[in-house]
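Q: Have a look at this one.
The values are calculated or read from the model by the stated rules, or taken from the named source; none is laboratory data. Computed from a predicted model, the values in this text were never measured in an experiment. Virtual Cβ from ideal backbone geometry, glycine too; neighbours counted across all protein chains shown. For the accessible areas, the whole protein counts, side chains as well, though only heavy atoms, and no ligand, DNA or RNA atoms are used. Shrake-Rupley method; radii C 1.70, N 1.55, O 1.52, S 1.80 Å.
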Amino acid sequence: MRKIFLVAAVTGFLMPGLLAFEAQAATAITWEALNDTPAAQFDDPYAALSIQELRSLGTVLRLRQQLSGTGVAAGERTELQKQLNSEEAKLAAAGVRTDWLLEQREAIGLQRAKAALEGNPALDGKDVAITGYVIPVLNSDGVSMGGYLVPEFGMCSHVPAPDPNQMIHYKLPAEWQADQIYQAVLLKGRLELAVTRQAINLLDGQVEMISAYDMAVSEIHPLEESGRSLKDRIFRFFKPGN
């Protein structure tokens, strides 16, 4: 009887808070909302370059570094210099400020890294709802109590991982088994700004997952994608021992 009374008392104490949390409306957000707008707004001179110009700029940097070395034979040095002159001439004809851009690469790289890592402070501690694709993380018993939510199917496997502020590390209150990796879901829960870093094994081998967000999930809803059945999936959920 005393145990029953204690359970009832504890339940009565905790239940109002639990119901209040569940009753809070989750704000539906897009992946774009996860970006920190001020950090993303900077003058990036590389953004105006075409793919060909970026490649040519990279070639110029590589050739200059080779020519500055001491282990290049005379005949090879002549050929490398011809290639360098050709690339520099193409960039000059396109109006590209090669020397200035190469001087700016470290500073621009730091700004890009900050823009990719900084999350939106307005969402810190908010209850949100967002759709995406799950990458479950299994423990040694093959149980998933969380993982990563990404905005596009296949990310981190055959295509690069998204920026840290475009990935959510989610934690579940109870075990939930996805049908396969990259299952489409709707997640609801409390979002927090918290950088996490973890190496996991995916289809292409080990991948380092860096996320700018943590989510304590209160609800998870699998979604049906039109035109894509389970048999159509390229990526399957590989469990330990399979």
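Q: Which of (1) in contact with a strand residue (DSSP E or B) (Cβ under 8 Å, 6 or more places away or on another chain); (2) under 30 Å from Thr37 (Cα atoms) is the odd one out, the single condition Leu138 does not satisfy?
A: With (1) in contact with a strand residue (DSSP E or B) (Cβ under 8 Å, 6 or more places away or on another chain); (2) under 30 Å from Thr37 (Cα atoms) applied to Leu138, the lone miss is (2).
Q: Quick check on my filter: what residues within segment 166-183 are open to solvent by less than 60 Å² (accessible area, probe 1.4 Å) and either touching a helix residue (DSSP H, G or I) at 6+ places or on another chain (Cβ under 9 Å) or modelled with pLDDT of 95 or more (or both)?
A: Of everything in segment 166-183, those that are open to solvent by less than 60 Å² (accessible area, probe 1.4 Å) and either touching a helix residue (DSSP H, G or I) at 6+ places or on another chain (Cβ under 9 Å) or modelled with pLDDT of 95 or more (or both) turn out to be Gln166, Met167, Ile168, His169, Tyr170, Gln180.
Q: Give all pairs with beta carbons closer than 6 Å in which a residue from segment 54-79 that is within 16 Å of Ala94 (Cβ to Cβ) meets a residue that is of a type outside the set (A, V, I, L, M, F, W, C) and open to solvent by 90 Å² or more (accessible area, probe 1.4 Å); count only pairs at least 6 apart in sequence or on separate chains.
A: Ser56/Lys90
Q: Could you please let me know if Tyr213 is of a type outside the set (Val, Ile, Thr), more than 22 Å from Ala122 (Cβ to Cβ) and open to solvent by less than 10 Å² (accessible area, probe 1.4 Å)?
A: On the way: of a type outside the set (Val, Ile, Thr): yes; more than 22 Å from Ala122 (Cβ to Cβ): no; open to solvent by less than 10 Å² (accessible area, probe 1.4 Å): yes.
Here the answer is no, as Tyr213 does not meet what is asked.
Q: Among Leu67, Leu63, Leu54, which is crowded, with 17+ Cβ neighbours inside 10 Å and out of contact with any Gly (no Cβ under 6 Å at 6 or more places or on another chain)?
A: Numbers: Leu67 fails: crowded, with 17+ Cβ neighbours inside 10 Å; Leu54 fails: crowded, with 17+ Cβ neighbours inside 10 Å.
Leu63 is the lone residue from the list that is crowded, with 17+ Cβ neighbours inside 10 Å and out of contact with any Gly (no Cβ under 6 Å at 6 or more places or on another chain).
Q: What number goes with the only condition from (1) touching a residue at least 24 places away in the same chain (Cβ under 8 Å); (2) closer than 28 Å to Cys156 by Cβ that Ala113 does not pass?
A: Of everything listed in (1) touching a residue at least 24 places away in the same chain (Cβ under 8 Å); (2) closer than 28 Å to Cys156 by Cβ, Ala113 misses just condition (1).
Q: Can you find even one residue in segment 141-156 that is more than 28 Å from Pro121 (Cα to Cα) and touching a Lys or Arg at 6+ places or on another chain (Cβ under 8 Å)?
A: Yes, segment 141-156 contains at least one residue that is more than 28 Å from Pro121 (Cα to Cα) and touching a Lys or Arg at 6+ places or on another chain (Cβ under 8 Å).
Q: Out of everything in segment 199-210 that is of a type outside the set (A, V, I, L, M, F, W, C) and open to solvent by 40 Å² or more (accessible area, probe 1.4 Å), what residue ends up being nearest to Pro151 (Cα to Cα)? Reasoning before the result, please.
A: Here is the first cut: in segment 199-210, the ones of a type outside the set (A, V, I, L, M, F, W, C) are 201, 204-206, 208.
Still in the list and also open to solvent by 40 Å² or more (accessible area, probe 1.4 Å): 201, 204, 206, 208.
Working: Asn201: 19, Asp204: 19, Gln206: 20, Glu208: 17 Å.
Filtering segment 199-210 for residues that are of a type outside the set (A, V, I, L, M, F, W, C) and open to solvent by 40 Å² or more (accessible area, probe 1.4 Å), the one nearest to Pro151 (Cα to Cα) comes out as Glu208.
Q: Out of everything in segment 127-145 that is free of Cβ contacts under 8 Å to residues at least 60 places away in the same chain and open to solvent by less than 10 Å² (accessible area, probe 1.4 Å), what residue ends up being nearest to the chain's Cα centre (by Cα)? I'd like the intermediate steps shown before the answer.
A: As a first pass, look at segment 127-145 and keep what is free of Cβ contacts under 8 Å to residues at least 60 places away in the same chain: 133-134, 139, 141, 143-145.
Okay, now just the ones that are also open to solvent by less than 10 Å² (accessible area, probe 1.4 Å), so 134, 144.
Details: Val134: 12, Ser144: 20 Å.
Residue satisfying both the conditions and the ranking: Val134.
Q: Moving on. Looking at segment 94-101, can you tell me whether even one residue there is modelled with pLDDT under 95, open to solvent by 70 Å² or more (accessible area, probe 1.4 Å) and either among the basic types (Lys, Arg) or in a loop (DSSP other than H, G, I, E, B) (or both)?
A: Scanning segment 94-101 turns up no residue that is modelled with pLDDT under 95, open to solvent by 70 Å² or more (accessible area, probe 1.4 Å) and either among the basic types (Lys, Arg) or in a loop (DSSP other than H, G, I, E, B) (or both).
Q: Which pairs have Cβ atoms under 6 Å, sit 6 or more apart or on different chains, and link a residue in segment 151-162 that is within 13 Å of Asn201 (Cα to Cα) to one that is open to solvent by less than 30 Å² (accessible area, probe 1.4 Å) and not in a loop (DSSP other than H, G, I, E, B)?
A: The qualifying pairs are Cys156/Leu202; Cys156/Val207; Ser157/Leu202.
Q: Quick check on this structure: which one of Lys114, Lys82, Lys90 is closer than 30 Å to Thr37 by Cα and either open to solvent by 30 Å² or more (accessible area, probe 1.4 Å) or among the acidic types (Asp, Glu) (or both)?
A: On the way: Lys82 fails: closer than 30 Å to Thr37 by Cα; Lys90 fails: closer than 30 Å to Thr37 by Cα.
After ruling out the rest, the residue left standing is Lys114.
Q: Confirm whether Ser157 is small (Gly, Ala, Ser) and not in a helix (DSSP H, G or I). Explain how you work it out, then say what you get.
A: Details: small (Gly, Ala, Ser): yes; not in a helix (DSSP H, G or I): yes.
In short, yes.
Q: Given the criteria open to solvent by 10 Å² or more (accessible area, probe 1.4 Å) and within 13 Å of the chain's Cα centre (by Cα), does Asp163 qualify?
A: Values: open to solvent by 10 Å² or more (accessible area, probe 1.4 Å): yes; within 13 Å of the chain's Cα centre (by Cα): yes.
It is true that Asp163 is open to solvent by 10 Å² or more (accessible area, probe 1.4 Å) and within 13 Å of the chain's Cα centre (by Cα).
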